[in-house]
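This report refers to the structure that appears directly beneath it.
The values are calculated or read from the model by the stated rules, or taken from the named source; none is laboratory data. Bear in mind the structure is a predicted one, so any value in this text is a computation, not a measurement. Neighbour counts run over all protein chains shown; Cβ positions are idealised from the backbone, glycine included. Areas reflect the complete protein model, heavy atoms only, side chains present, ligands, DNA and RNA absent. Shrake-Rupley method; radii C 1.70, N 1.55, O 1.52, S 1.80 Å.
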Amino acid sequence: RAASHWCYQNQVKPSNWTCLGPDLWGDSCQMDQQSPINIATAKTEVDLNLRPFSFSGYDKKQKWTVQNNGHTVMVLLGDEATIAEGGLAARYRAKQLHLHWSEVLDWGSEHSLDGDRFAMEMHIVHEKEKGTSRNAKAQDSKDEIAVLAFMVEAGARNENFQPLVDVLSNISRPNTNTTMRNSISLLDLLPKQEKLRRYFRYLGSLTTPGCDETVVWTVFQEPIQLHKDQILAFSNKLYYDNNQKMTDNIRPLQPRGQRVVYRS
Ligand SMILES: Nc1nc(-c2ccc(Cl)c(S(N)(=O)=O)c2)cs1
Ligand SMILES: [Zn+2]
């Protein structure tokens, strides 16, 4: 069987040419500090260093490039926004945001909170700003990447997401790009800032191959609300390949192992 690309379980077909589902993902994907995990909130430990985040450039309205990369919808953030504080050891620069979802509205998140899963999960992926000292150049540190994870639940219509929802039909095919017609800011997409003080923190991995164990995860308690139809647009407008709807692009839960999850 030809070496084939990674994919999610619902893409694996019985044919002899198929893609590699989560159990067959290579690289670091079979190691023991992986993501996502279930967060058993009663077992989390308070960490007083987990102060509120400071966001800069998150308020700048942009008409972003949006792409269907065959695994998710990815918004390219143009390196202009950064985060600091939030218990992080450095400033981190926002690179991209993407989402994971299902058409089953309590199955579409990657992380779960006390076993509860949400309709979607949005990830804002940041890279650590390089200091000048030699050891700052270490590429494989456990906190090379900082992902801010937001649960999405079905509820009130969210006008701020409409510029993204509106362009999904332009990128239904994999490896297509488009540009948003209206500009929005990252802050527009998030819950109100005062709701962002409560979050969970643990060290894990990318939830997609190579599954590098270089991610400091932040999972916010306050969900984003989208209308059911806005959520379903992701499954109905986007395709993995010419005929399979892009949905359930979620990695199965990974063992927490000895890791401690902290809370702010
Ligand atoms: N080509 C693709 N890359 C990703 C990706 C990249 C970096 C990261 Cl950090 C993640 S995740 N889900 O761990 O936040 C996903 C998805 S699809
Ligand atoms: Zn993700």
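The antiparallel fraction among DSSP beta bridges confined to region 1-141 stands at about 90%. The reciprocal of the average 1/r between distinct C-alpha atoms defines the Kirkwood hydrodynamic radius, which for region 3-43 equals 12.2 Å.
Counting only protein heavy atoms and a 1.4 Å probe, the chain has 47 square angstrom of accessible area per residue. Can you grab the distance from the C-alpha centre of region 113-189 to the C-alpha centre of region 198-264, Å, no decimals? First find each Cα centre; the distance between them is then 10 Å. Each helix, a run of at least 4 DSSP H residues, gives -39500 (n - 2.57); summed and divided by the residues of the chain, these come to -2000 deg cm²/dmol at 222 nm. Derived value for the chain: Kirkwood hydrodynamic radius 18.9 Å. Basis is the mean of 1/r over every pair of different alpha-carbon atoms.
For region 1-120, the Cβ-based charge dipole about the Cα centre amounts to some 500 debye (Lys, Arg positive; Asp, Glu negative; other atoms uncharged). Relative to the compact-globule estimate of 2.2 N^0.38 Å, the Cα radius of gyration of region 218-264 comes out at 1.67.
Multiplying each eigenvalue of the alpha-carbon gyration tensor of region 188-250 by 5 and taking the square root yields semi-axes of 26, 21, 7 Å, largest first, rounded to whole angstroms. Label-to-label distance, Gln193 versus Thr179, with points set 7 angstrom from Cα along the beta-carbon direction: 2.9 nm. Taken over the Cα atoms of region 133-264, the convex hull encloses 170 Å³ per residue.
Shown for region 1-73 is the translational diffusion coefficient from the Stokes-Einstein equation, using the Kirkwood radius over Cα pairs, a temperature of 37 °C and a viscosity of 0.692 mPa s: 190 µm²/s.
A dipole drawn for region 149-255 from +1 and -1 charges on Cβ atoms has a positive end, and of Gln225, Gly210, Pro252 the residue lying farthest that way is Gln225. Protein heavy-atom surface of region 110-233, 1.4 angstrom probe: 45% of the accessible area is carbon and sulfur, with nucleic acids and ligands not counted.
The P(r) of region 11-152 has a tail past 25 Å containing 41 percent of all C-alpha pairs.
What pairs in Lys60/Lys192; Lys43/Lys130; Lys61/Lys192; Lys13/Lys228; Lys195/Lys228; Lys128/Lys195 have C-alpha atoms more than 27 Å from each other? Beyond 27 Å between Cα atoms: Lys43/Lys130; Lys13/Lys228.
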